[in-house]
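Chemist: Before we start, here is the structure in question, set down as structure tokens.
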Amino acid sequence: MKKILILMTCLFALVGMGITQEVIENPKSPVNKNAGREVLLKAELSIKDMGEDYYFRIPQHIKISPEGFIFIQDREQLLQFDEQGKYIRNFLKKGKGPGEVEAVGYFCLFNGNLIAHDMRLNKILWFDMRGEAIKEFRIHEPVMFAQFVKYMNDEYYFLKSKMPVVKGEPRVVDYPNNLIVYSPEKKELRELSVFATKSFVVTSSGGGGGAIGINRLIAVPYKNFLFISHTSEYFIKVYDLKKEKTIRTITREYKRQKTPPEVEGKLGGWMVINGKKYTRPPQKYLNDIKNLLIYKDRLWVVTSTLDEEKGILIDVFDLEGNYLDNFYLKFPLIKTDDMYNVFYKFYSMTLSEGAVYVAEQNEDGTNQVVKYAMTDK
């Protein structure tokens, strides 16, 4: 009932703004009669930190090219491996000159090229698959430290957040994330929409401050769409980049998962402002959605439902928002008392040709990227 009230409140707000969109409300169970099964995983490949050509601190943003190349982003690294996991090169050359970068935020693959955004120098770089820089340009607009999410029709799409100023006592507030598009031809930056998350914000007496996220923004591009999750509850918005509006909201009846007391302090981290340590307020429930993935014209939703015997629950929708299927993915060493590392695994997760790639932390604290083949029982 609470979720229905939240949804109705959102609908009334949209109507009041003169905005109409389709809302797909799905039942608790999908249409597939074999839903709830366990999909088996078999490790096929492991890319480990060899301590020579590259190193892993926080491997993330794993992408697989149509040719089978594996790309992994880490601090000051954008690494390329072949299908067998053999290291090929690091695309990033540290510096401020041509073809060099200071800090890459995000990257995408497009027609045999790699496009990266340097957050610090605020420039776009194009590389071919040999690692050669083929073009670059500065963006003379305020998109520094924005998240580069999509390239389409010679335009670049970003999500840019700005910490709100909170007067008085620290509290949980809306944290705006602006979807913006930059046209290098017109040298024009336009704001398209806002997707707010929740954060615990502390403002210091000197005007500075900090924030700890309650939930995170997830934006997955596919063709001319962005599939976006930006709330703690089970809602997915579909934004049409051509029409420049949200055209659909997808939801389903979902049993929220309570936050285990033993992991509450590990989720969200902490910060020190004016010599005082802050952690986010306790959250009764985990965020319903942990990741969004597109696989073979289907939307996969990595949920917060975790079963130590079966694994993590994956929901499957078609691109119109109809709830088709669900199943469990069982990874090694999944434990409910280690939720931080469990969900770090799923934040990095990507899919390609019947396999799932994830970043994992070993018991000794080192990291690796593992490819698992999926077998549906």
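Chemist: Go through the residues of the stretch 195-211 one by one and say whether even a single one is part of a strand (DSSP E or B), at pLDDT below 95, of a type in the set (S, T, N, Q) and over 30 Å from TYR156 (Cα atoms).
Modeler: yes
Chemist: Right, another one. Counting only residues that are touching a residue at least 60 places away in the same chain (Cβ under 8 Å) and not in a strand (DSSP E or B), how many does the stretch 134-160 have?
Modeler: 0
Chemist: What single numbered condition from (1) under 29 Å from GLY112 (Cβ atoms); (2) in contact (Cβ under 8 Å) with a residue 24 or more places away in the chain; (3) part of a loop (DSSP other than H, G, I, E, B); (4) out of contact with any Asp or Glu (no Cβ under 6 Å at 6 or more places or on another chain) fails to hold for PHE56?
Modeler: (4)
Chemist: So GLY131 passes all but one of these: (1) in a loop (DSSP other than H, G, I, E, B); (2) open to solvent by 50 Å² or more (accessible area, probe 1.4 Å); (3) farther than 24 Å from TYR175 by Cα. Which condition number does it fail?
Modeler: Going through (1) in a loop (DSSP other than H, G, I, E, B); (2) open to solvent by 50 Å² or more (accessible area, probe 1.4 Å); (3) farther than 24 Å from TYR175 by Cα one by one, GLY131 breaks only (2).
Chemist: Please pick out the residue among GLY365, GLY354, GLY321 that is farther than 20 Å from GLU38 by Cα and at pLDDT 90 or above.
Modeler: Just one listed residue meets the conditions, GLY321.
Chemist: Taking the condition of being under 15 Å from ASP315 (Cβ atoms) and in a strand (DSSP E or B), how many residues in the stretch 266-298 meet it?
Modeler: Counting residues in the stretch 266-298 that are under 15 Å from ASP315 (Cβ atoms) and in a strand (DSSP E or B) gives 8.
Chemist: So which residues in the stretch 165-187 are open to solvent by 30 Å² or more (accessible area, probe 1.4 Å) and either free of Cβ contacts under 8 Å to residues at least 40 places away in the same chain or touching a helix residue (DSSP H, G or I) at 6+ places or on another chain (Cβ under 8 Å) (or both), if there are any at all?
Modeler: The answer is LYS167, GLY168, GLU169, ARG171, ASP174, TYR175, PRO176, ASN178, GLU185, LYS186.
Chemist: Right, something else. Sort through TYR340, TYR328, TYR344 and tell me the only one that's among the aromatic types (Phe, Trp, Tyr), assigned to a strand (DSSP E or B) and either at pLDDT below 80 or open to solvent by less than 40 Å² (accessible area, probe 1.4 Å) (or both).
Modeler: Testing whether each residue is among the aromatic types (Phe, Trp, Tyr), assigned to a strand (DSSP E or B) and either at pLDDT below 80 or open to solvent by less than 40 Å² (accessible area, probe 1.4 Å) (or both) leaves just TYR328.
Chemist: When residues of the stretch 93-111 are filtered for being in contact (Cβ under 8 Å) with a residue 24 or more places away in the chain and over 22 Å from the mean Cα position of the chain (by Cα), how many remain?
Modeler: 4
Chemist: So, one more: So which residues in the stretch 253-281 are loosely packed, with under 13 Cβ neighbours inside 10 Å and over 20 Å from GLY209 (Cα atoms), if there are any at all?
Modeler: Hits for the stretch 253-281 are LYS255, LYS258, PRO261, GLU262.
Chemist: When only residues in the stretch 298-318 that are modelled with pLDDT of 95 or more and of a type in the set (D, E, K, R) count, which is most open to solvent (accessible area, probe 1.4 Å)?
Modeler: My answer is ARG298.
Chemist: Consider only pairs whose beta carbons are under 8 Å apart and that are at least six residues apart or on different chains; among these, list those whose first residue lies in the stretch 290-301 and is touching a residue at least 24 places away in the same chain (Cβ under 8 Å) and whose second residue is of a type in the set (D, E, K, R).
Modeler: Listed pairs, sorted by first residue: ARG298/ASP318; LEU299/ASP318; TRP300/ASP315; VAL301/ASP315.
Chemist: Something else about it: Could you please tell me which pairs satisfy a Cβ distance under 9 Å, a separation of 6+ or placement on different chains, a first residue in the stretch 206-227 that is under 18 Å from ASN178 (Cβ atoms) and small (Gly, Ala, Ser), and a second residue that is open to solvent by 50 Å² or more (accessible area, probe 1.4 Å) and assigned to a strand (DSSP E or B)?
Modeler: Filtered contacts from the stretch 206-227: GLY213/LYS198.
Chemist: Does the stretch 15-23 include one or more residues that are modelled with pLDDT of 95 or more and within 24 Å of PRO221 (Cβ to Cβ)?
Modeler: Scanning the stretch 15-23, I find at least one residue that is modelled with pLDDT of 95 or more and within 24 Å of PRO221 (Cβ to Cβ), so the answer is yes.
Chemist: May I pose another question? Return only the number of the condition from (1) surrounded by 18 or more Cβ atoms within 10 Å (Cβ to Cβ); (2) part of a loop (DSSP other than H, G, I, E, B); (3) at pLDDT 95 or above that LYS242 does not satisfy.
Modeler: (1)
Chemist: For residues that are at pLDDT below 80 and farther than 24 Å from PHE331 by Cβ, tally how many sit in the stretch 24-55.
Modeler: 2
Chemist: Inspect all residues belonging to the stretch 64-83 and state whether any of them is buried (at least 18 other Cβ atoms within 10 Å of the Cβ), in contact with an Asp or Glu (Cβ under 8 Å, 6 or more places away or on another chain) and assigned to a loop (DSSP other than H, G, I, E, B).
Modeler: No, the stretch 64-83 contains no residue that is buried (at least 18 other Cβ atoms within 10 Å of the Cβ), in contact with an Asp or Glu (Cβ under 8 Å, 6 or more places away or on another chain) and assigned to a loop (DSSP other than H, G, I, E, B).
The values are calculated or read from the model by the stated rules, or taken from the named source; none is laboratory data. Just so it is clear, the structure is predicted and the values come from calculations on it, not from any experiment. Positions of Cβ are generated from backbone atoms using ideal geometry, with glycine treated the same way; all protein chains shown enter the neighbour counts. Areas reflect the complete protein model, heavy atoms only, side chains present, ligands, DNA and RNA absent. Shrake-Rupley method; radii C 1.70, N 1.55, O 1.52, S 1.80 Å.
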